[in-house]
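These notes concern the structure reproduced below.
The values are calculated or read from the model by the stated rules, or taken from the named source; none is laboratory data. These figures come from a predicted structure and were not determined experimentally. Quick reminder, even Gly has a Cβ in these numbers, built from the backbone with ideal geometry, and neighbours come from all protein chains shown. What goes into the accessible areas is simple: the full protein's heavy atoms, side chains included, and nothing from ligands, DNA or RNA. Shrake-Rupley method; radii C 1.70, N 1.55, O 1.52, S 1.80 Å.
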Amino acid sequence: MLNKKIKIGVLGVGHLGQHHVKHLKNINNINLIGIFDINYKQASKIALKYKTKVFKSMSTLIEEADALSIVTPTDTHALIAKKCLTLNKHVFIEKPIADTLNEADKIITLANNKNLIVQIGHIERVNPALLALKPYDVKPKFIEIQRLAPYSIRGTEVPVVLDKMIHDIDILLSIVNSPVKEIQANGISIITDSIDIAHARIKFQNNTVASITSSRIAKEDIRKIKLFQRDLYCTIDLLLGLTEVYRIKNKSQSKSAIQAPFDYKGSKKIITYEKPILNNIDPLKMELMNFANSIVGTENPIVSGTNGRDALEIAIKINKLITQDTL
Ligand code: NAD
C-alpha cells in the first residue's frame, strides 16, 4: 500500500461532500475512483465539475475502493460505515461518528477487529486558529465557547448538541486532559422537533470548568473560544481565523513588542499581546491527507473513532439532561 495510490470513493456529495471530492482529487497518494449519492442529479453535477465517475450503486463503489469518505446525513453514518468496514474498507466518517453510542461502539469494534482505520471529521481540531496555540503552555481553568449559526435544514436530523456543540465538546476533550466530573445543561427547541439552542456547564475532575453555548437559529455565524488560566488569557475566532494571546509576565522577562505595564502588590508586571501567524493549509485537505497517511501507516488519525465516540458520549449526556429538563 505504501507505493500504491489509495483508491477512494465519496459517499454523499451534498454541501460538504463536494469539498471532499475537490480535495481528494488533489492529494498525491490518493486516486479518487468515484462518487455515490442517492440524489443522482447532484452526484452527476459534482462528477462533471470535478471530472470523476458517478456510481449508480453504493455497493459497487465500496467494493472497488480501498477507503471511503462518508459525508451523508448523520443518521445514516452507522449503517454505511458498518457496510464499508464489513467489506474491509477504511472509513473517514464526517462528524458525529454516529447518532447513538451503541452504533459508535459497533463501528469501533468492527474496525479494530479488522485492523481498519476509522477517522472522524472533527475538523476544528485542525483549524489553524486552534493549532496556533501549540507553542503555548495551555492548561485553562475556565473556558467559554460560543458556536452560533443561522438556521439551515441541514443537520436538523439530530439535535443541535450532536450537530454543532459536538465540535466544541471534541475541542474541550482535546484541550482539557481530565475526565468529565459533572454536567449541567439546559436548552430549548424553537423551530425543529429537537433542541435548537443549548448551553452546558461542564466540570472536569481537575476542576476546569467550561461553559458552552450552541445555537442553530442565530442571526449570524459566530465561533469563538476564550481560555483563561493563571497569567494567560486567549481568544480564538475559529471563523475569522484569529488567535490572540495575552500573558502576564515580570517586566524583566518580556521581549514582546506590544505590552502594558501594571503594578501588583509592589511588583512590576506587564501584560504582553501576541497574535500568532496562522498556517494557511485548508483544514479539510489536512484531515484527508492525514487519513491517507494513516491508511499507509505513516501517521495516526488526528481524530480517531474513539475520540469521536468520546465526544458523542458527552453530547448524548448533555442532550439527555436538556430533554429531561424540558419535559
Ligand atoms: P447535505 O444534506 O448537504 O448532504 C448530504 C448528501 O448525502 C446529500 O447530497 C444526500 O442526497 C446524500 N445522501 C443522503 N442519504 C444518503 C445515503 N444513504 N447514501 C448516499 N448519499 C446519501 O449535508 P452536509 O451538510 O453535507 O452534511 C453531511 C455530513 O457532514 C453530516 O454528517 C454533517 O454532520 C457533516 N458536516 C460536517 C461539517 C464539519 O464541519 N466537519 C460541516 C458540515 C457537515
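Provide the net charge surrounding Y151, with neighbours chosen by a C-beta distance below 9 Å and charges set as Lys +1, Arg +1, Asp -1, Glu -1. Spell out each step's value before the answer.
Numbers: positive: R216; negative: D196.
Value of the local net charge: 0.
Name the residue farthest towards the positive end of the dipole of the chain from the options Q146, N207, L278, assuming +1 on Cβ of Lys and Arg, -1 on Cβ of Asp and Glu, about the Cα centre.
L278
Suppose each label sits 7 Å from its Cα in the direction of the beta carbon; what would the S57-T235 distance come out to in nanometres?
Taking the two extended label points, one gets 5.7 nm.
Going toward the positive end of the dipole of the chain, with +1 on Lys and Arg Cβ and -1 on Asp and Glu Cβ, which of Y264, V176, I222 do you reach last?
Farthest towards the positive pole: Y264.
Within the chain, what percent of beta bridges assigned by DSSP are antiparallel, to the nearest 5?
Details: 48 of 74 bridges.
Antiparallel bridges make up about 65 percent of those DSSP assigns within the chain.
Amide H of L242: which non-local residues (sequence gap of 5 or more, or other chain) have their own amide H closer than 5 Å, using H built in the peptide plane?
D237
Packing-wise, with mean Cβ within 10 Å as the measure, how do 174-181, 190-197, 115-122 rank, highest first? All intermediate terms of the calculation are to be shown ahead of the outcome.
Details: 174-181: 15.0, 190-197: 17.0, 115-122: 22.8.
Those peptides, ordered most packed to least, come out 115-122, 190-197, 174-181.
Using the Cα gyration tensor of the range 184-228, with a ≥ b ≥ c the square roots of its eigenvalues, what is the shape: rounded (a/c below 1.5), prolate (a/b larger than b/c) or oblate (neither)?
On the way: a/c = 5.01, a/b = 1.61, b/c = 3.10.
Judged from the Cα gyration tensor, the range 184-228 comes out oblate (a/c at least 1.5, b/c at or above a/b).
Any idea what the relative contact order of the chain is, in percent, if you count C-alpha pairs under 8 Å spaced at least 6 apart? It would help to have the intermediate numbers written out before the result.
On the way: 687 pairs, mean separation 59.1, N = 327.
About 18 percent, as a whole number.
Calculate the dipole size of the chain relative to its Cα centre from +1 charges on Lys and Arg beta carbons and -1 charges on Asp and Glu beta carbons; express the result in debye to the nearest 20. Let's see the in-between values first.
On the way: 45 positive and 32 negative charges, 186 e Å.
Charge dipole of the chain: 900 debye, to the nearest 20.
Quick one: check the C-alpha center-to-center distance for the range 256-304 versus the range 132-209, whole angstrom.
Distance between centres, Cα-based: 20 Å.
With a ≥ b ≥ c taken as the square roots of the eigenvalues of the C-alpha gyration tensor of the range 97-155, please select rounded if a/c is under 1.5 and otherwise prolate if a/b is larger than b/c or oblate if it is not? Mind showing how you got there, number by number?
Details: a/c = 2.35, a/b = 1.41, b/c = 1.67.
Oblate, because a/c is 1.5 or more while a/b does not exceed b/c.
Determine which aspartates and glutamates satisfy two conditions relative to K82: a Cα distance under 18 Å, and not lying fewer than 8 residues away in the same chain.
Cross-link targets: D37, E63, E64, D66, E94, D99, E103, D105.
Give the cross-link partners of K51 among the lysines, using a straight C-alpha distance below 16 Å as the criterion and excluding same-chain residues fewer than 8 apart.
Within the straight-line cut-off, K51 pairs with K7, K22, K25, K41.
Based on the mean of other beta carbon atoms within 10 Å per residue, what is the order of 234-240, 46-52, most packed first?
Numbers: 234-240: 17.9, 46-52: 15.7.
Taking the mean over residues of other Cβ atoms within 10 Å, the ranking is 234-240, 46-52.
Please label the shape of the range 242-322 as rounded, prolate or oblate, based on the square roots a ≥ b ≥ c of the eigenvalues of the alpha-carbon gyration tensor (a/c under 1.5 means rounded; beyond that, a/b larger than b/c means prolate, else oblate). It would help to have the intermediate numbers written out before the result.
Numbers: a/c = 3.54, a/b = 1.80, b/c = 1.96.
Oblate shape, in that a/c is at least 1.5 and b/c is the bigger or equal ratio.
Keeping the other protein chains in place, figure out the carbon and sulfur percent of the accessible area of the chain, with a 1.4 Å probe. Could the numbers behind the result be given before it?
Working: 8220 of 16060 Å².
Within the chain, the accessible surface is 51 percent carbon and sulfur.
With +1 assigned to the C-beta of every Lys and Arg and -1 to the C-beta of every Asp and Glu, and no other charges, what is the dipole magnitude of the range 135-288 about the Cα centre in debye, to the nearest 20? Please report the intermediate quantities before stating the final value.
Values: 23 positive and 18 negative charges, 194 e Å.
Computed about the Cα centre, the dipole is about 940 debye.
Which one, E94, E124, E220, has the greatest fluctuation when you compute a Gaussian network model over the chain with C-alpha springs under 10 angstrom?
Looking only at E94, E124, E220, the biggest GNM fluctuation is shown by E220.
For A257 and V296, compute 0.36 nm times the residue count separating them, minus their Cα-Cα distance, and round to one decimal in nm. Show your work: numbers first, answer last.
Values: separation 39, 0.36 × 39 = 14.04 nm, distance 4.45 nm.
Gain on stretching A257 to V296: 9.6 nm.
Taking springs between alpha-carbon atoms closer than 10 angstrom, which of T109, T72, T298 fluctuates most in the Gaussian network model of the chain?
It is T298.
What list of ³J(HN,Hα) couplings, whole Hz, do you get for the range 145-157 from phi and the Karplus terms 6.51, -1.76, 1.60, once you set θ to phi - 60° and write x for glycine and proline?
Calculated HN-Hα couplings, in order: 10, 10, 9, 10, 8, x, 5, 8, 5, 4, x, 7, 5 Hz.
Suppose all protein chains stay in the model; what accessible area per residue would a 1.4 Å probe give for the chain, in Å²? Please list the in-between numbers first.
Details: 16060 Å² over 327 residues.
With all protein chains present, the chain gives 49 Å² per residue.
Say the dipole of the range 22-83 comes from +1 at the beta carbon of Lys and Arg and -1 at that of Asp and Glu; which of S57, A81, N39 then lies farthest toward its positive end?
Of the listed residues, the answer is N39.
So how strong a dipole does the range 1-70 carry about its Cα centre when Lys and Arg Cβ are +1 and Asp and Glu Cβ are -1, to the nearest 20 debye? Could you put the intermediate results ahead of the total?
Values: 11 positive and 4 negative charges, 69 e Å.
Result for the range 1-70 is approximately 340 debye, rounded to the nearest 20.
Straight-line reach from K268: which lysines fall under 17 Å, measuring Cα to Cα and dropping same-chain residues less than 8 apart?
Reachable lysines: K249, K251, K255.
Pick out which of S57, S304, S69 has the largest mean-square fluctuation in a Gaussian network model of the chain, springs linking Cα atoms closer than 10 Å.
It is S57.
Taking θ as phi - 60°, what are the ³J(HN,Hα) couplings along the range 67-76 by the Karplus curve (6.51, -1.76, 1.60), each to the nearest whole Hz, with x for Gly and Pro?
Result, rounded to whole Hz: 8, 10, 9, 9, 10, 9, x, 3, 6, 10.
Whole-Hz Karplus ³J(HN,Hα) for the range 196-211, in order, using 6.51 cos²θ - 1.76 cosθ + 1.60 and θ = phi - 60°, x for Gly and Pro?
Per residue, the Karplus-derived 3J(HN,Hα) values read 9, 10, 9, 10, 9, 10, 10, 10, 9, 4, 7, 6, 5, 10, 10, 10 Hz.
Are there trypsin sites (Lys or Arg not before Pro) in the range 198-232 that DSSP puts in a loop and that have at most 12 other Cβ atoms within 10 Å, and which ones?
Working: sites: R201, K203, R216, K219, R223, K224, K226, R230; in loops: R216, K219, R230.
When the trypsin sites (Lys or Arg not before Pro) of the range 198-232 are filtered for loop state and at most 12 Cβ neighbours within 10 Å, K219, R230 remain.
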